[in-house]
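Scroll down for the structure; my scribbles are underneath it.
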Amino acid sequence: MSLSRSIDKFFEQRKPSEKRLIYLTIVFGTLALSYQYLFPYSEKFLKQAKREKEKIEEKINIDKSYIQSMTVNGDQFFYIKQYNRQLNELKKSFMAINDKKEYLDQKIKELSYLLYNKKRWAQFLNSLTQKAEKNGVEIDYILNNFMDVPKSFGHVLEVEIGCKGDFKNLIAYLNSIEQSDLVVDIYEMKMLGKEPIETTIKVSVWGLNY
């Protein structure tokens, strides 16, 4: 006999009052088991859900407070717009400064003859004898001293020339030295005796640091 048939036969032999009692016993038993085994899990789930809800609400409140602090006159993007304007101004300033730098670089390149350059100074020293020969001046000696001047203008080459010749030729020689494409300064000159006049010339050559 099957289990369901046995259960039906069992209930057929019972009075209606007994059946109701059995039904109530089954219902209350089911409820008792559910409460004993399912309620702890439900309570744990509810507590966890409550904690998650509180965390979300706390984060929402923090975000609301931040948005409120960043809002000026109803504009939530006020500071973003302000920072963008400041950034654009800085970009413009940087571009202007960069343009000035490029302009100065170009101008300095145009004045490259003023820049410190040992090779050009060596060429200048070599030209002193060539200019003397061209102007009929005899060179006795040439002394030079390189100096690193601790100032903004830069380096300097000091040259002392011992030479002799007639007055006219010496003047022409001095003029040719001053017409050099370097920054040349004849700062001292001594002439002794009659022609050929023995002459000492002191010259400084300047160069910019860059």
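The values are calculated or read from the model by the stated rules, or taken from the named source; none is laboratory data. Since the model is a prediction, treat every value here as computed from it, not as a measurement. With ideal geometry, Cβ positions are generated from the backbone for all residues, glycine too; neighbour counts draw on all protein chains shown.
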*asked:* Please go through segment 159-210 and give me each residue that is in a loop (DSSP other than H, G, I, E, B) and touching a residue at least 24 places away in the same chain (Cβ under 8 Å), ordered by number.
replied: Asp166, Ser180, Asp181, Leu182, Glu195, Pro196, Asn209, Tyr210
_Looking at segment 127-148, can you tell me whether even one residue there is at pLDDT below 90, assigned by TED's automatic domain parsing to the domain that holds Glu188 and not in a strand (DSSP E or B)?_
no
*Residue satisfying all of: in segment 158-191; under 57 Å from the mean Cα position of the chain (by Cα) and of a type in the set (S, T, N, Q); surrounded by the fewest Cβ atoms within 10 Å (Cβ to Cβ) among these*: Gln179
*If you take the residues in segment 157-176 that are more than 14 Å from Gly136 (Cα to Cα) and among the β-branched types (Val, Ile, Thr), which one is modelled with the highest pLDDT?*
Ile161
